[in-house]
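Step one of this worksheet: look at the structure below.
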Number of protein chains: 2
Amino acid sequence: MKSKENRMVNGLDTQQMFETVAAIKAQPALARFEFRNSNRWIDGGENRSTIQGFYGAGREDDSRAEPFEFVNGEPPVLLGNNEGANPVEFLLHALAGCVTTTLVLHAAARGIRIESISTQMEGQIDLQGLLGLDDTVSPGYEQIRMKMDIKADCSDEALDDLLSFVRKHSPVCETVCRPVPVIVERVAAVRV
Amino acid sequence: MKSKENRMVNGLDTQQMFETVAAIKAQPALARFEFRNSNRWIDGGENRSTIQGFYGAGREDDSRAEPFEFVNGEPPVLLGNNEGANPVEFLLHALAGCVTTTLVLHAAARGIRIESISTQMEGQIDLQGLLGLDDTVSPGYEQIRMKMDIKADCSDEALDDLLSFVRKHSPVCETVCRPVPVIVERVAAVRV
């Protein structure tokens, strides 16, 4: 068995990674995950999320002693006080993170060592959609563009091939690119 | 003119809101916004986003003296150390926040006063997609379910009508429900 140091590629324990893949191949139900969030409205454009538990690898996770808490806000031009980044900005954070982590993971699986990744991204939204002023305008992002500067110990061709694979396998990227059903139910009692 | 106190509904300045809508109707280009994010890989499943400026209402916003910073991480079962919530969890935070804020905004426009909103949500992902183990499995969320407990000074019918409108007009909800193009380019130099 390799030492822990030798098993680490891009900060990931490749032995744990390959063992996880082997376990899922033997028992695909281990790949089923459920992620969760609780959110409470504070006032105006401010609301707060609490994220802690999830289900995955066949059991409830208990690795987080404390919940993560995040604050959505809005800038003054959108009637808020910059209580936090706003939800469409958090979506960009989620997307950048997911593409980056998916890239690092599949690089490790291919034996590619990543030196650095820096990403700049932008997305356009026409508020006429949100405001319901023009039914021909989509309320969401028109498109999102990511510019990634990736340095690694492989050829440009290998990086392009990796990135092409990653775009199709990043969970957040694929959730944005594909129509994913969002079911909203009004219920009598949710305690957050 | 109403006093500021009388103009506030659900924590939103309704006079500013109606003036914004009137300005956009007169000059639709004011509705065009561009949101941005810069992200840098740290190690393994950890990466960090910096969010500050955006373009909207015809100019670059300068309301944020300091940038927001957010950390993506992964739990141990996904090869990380809980450095932060993970990207698919941040997506849920973005979605909860956007539906909530869109609801509060359109409630104010309709003269509905919201007392409280509490939301619990969950989404299922099969990691066989991310890992590339089964091409028939989508890497993203299969679906996302939101349970919202909304208390307000209106009838259940008015709330259901509001919520139905909101689902179709929330920018993040609509970005998830509709296929939105994500363009990923590899570039030589991005400084973050």
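No lab work stands behind these numbers, since they all come straight from the coordinates. Keep in mind the model is a prediction, meaning the values are calculated, not measured. Reconstructed Cβ throughout: ideal geometry from the backbone, glycine too, with neighbour counts over all protein chains shown.
Modelled this way, with points 7 Å down the Cα-to-C-beta line, the labels at A:Gln143 and B:Asp134 are 3.4 nm from one another. Each other copy holds its own label point for A:Asp161; taking that point as 7 Å from Cα along Cα to Cβ, the gaps run 5.9 nm, nearest first. When the trypsin sites (Lys or Arg not before Pro) in the range B:47-151 are filtered for DSSP coil states and for at most 16 other beta-carbon atoms within 10 Å of their beta-carbon, the remaining sites are B:Arg64, B:Arg113.
Averaged over B:67-76, how many beta carbons belonging to a partner chain fall within 10 Å of each residue's beta carbon? Don't skip to the end; give the middle numbers.
Numbers: counts 1, 9, 2, 9, 3, 7, 3, 4, 7, 5.
Per-residue shielding by partner chains comes out at 5.
Which of A:Ala31, A:Ala65, A:Ile42 sits closest to the plus end of the dipole of the range A:1-70, meaning its Cα is farthest towards the positive end, when Lys and Arg get +1 and Asp and Glu get -1 on the C-beta? The residue sitting most towards the positive pole is A:Ala31.
Please compute the length gained on full extension between A:Ile42 and A:Glu19, using 0.36 nm multiplied by the number of residues separating them and subtracting their Cα-Cα distance. Mind dumping the intermediate values first?
On the way: separation 23, 0.36 × 23 = 8.28 nm, distance 4.38 nm.
Here the segment from A:Ile42 to A:Glu19 would lengthen by 3.9 nm.
Normalised by the number of residues in chain B, the average gap of Cα pairs under 8 Å and 6 or more apart makes the relative contact order 15 percent.
Only four residue types carry charge here, +1 at the Cβ of Lys and Arg and -1 at the Cβ of Asp and Glu. Report the dipole size of the protein assembly as shown about the Cα centre in Debye, rounded to the nearest 20. Walk me through the numbers before you get to the answer.
Working: 40 positive and 56 negative charges, 17 e Å.
Here the size comes out at about 80 debye.
Comparing mean-square fluctuations of A:Leu91, A:Leu105, A:Leu130 from a GNM of chain A with C-alpha springs under 10 Å, the top value falls on A:Leu130. The trypsin sites (Lys or Arg not before Pro) of the range A:155-192 that DSSP puts in a loop, and whose beta carbon has at most 16 other beta carbons within 10 Å, are A:Arg191.
For the range A:40-192, with only Lys/Arg (+1) and Asp/Glu (-1) charged at the beta-carbon, what is the dipole magnitude about the Cα centre, in debye rounded to 20? Intermediate values should be presented prior to the final figure.
Working: 14 positive and 24 negative charges, 90 e Å.
The dipole of the range A:40-192 has a size of about 440 debye.
In the assembly of identical copies, A:Glu142 has its label point, taken 7 Å from Cα in the direction of the beta carbon, separated from the corresponding points by 3.6 nm (ascending, one decimal). The C-alpha atoms of chain B define a longest principal axis, and helix B:87-110 lies at about 10 degrees to it. Shown for A:Gly53: label points 7 Å from Cα along the beta-carbon vector, and their distances to the equivalent points in the other copies, 4.5 nm in ascending order. For the range B:43-67, the residues whose backbone nitrogen is under 11 Å from a point 7 Å from the Cα of B:Ala29, taken along Cα to Cβ, are B:58-59.
Ordering B:Val172, B:Ser138, B:Gln124 by Cα displacement along the dipole of the range B:106-192 toward the positive end leaves B:Val172 in first place; charges were set at the Cβ atoms of Lys, Arg (+1) and Asp, Glu (-1). From its DSSP helices (H runs of at least four residues, each -39,500 (n - 2.57)), chain A gives a residue-normalised ellipticity at 222 nm of -10500 deg cm²/dmol.
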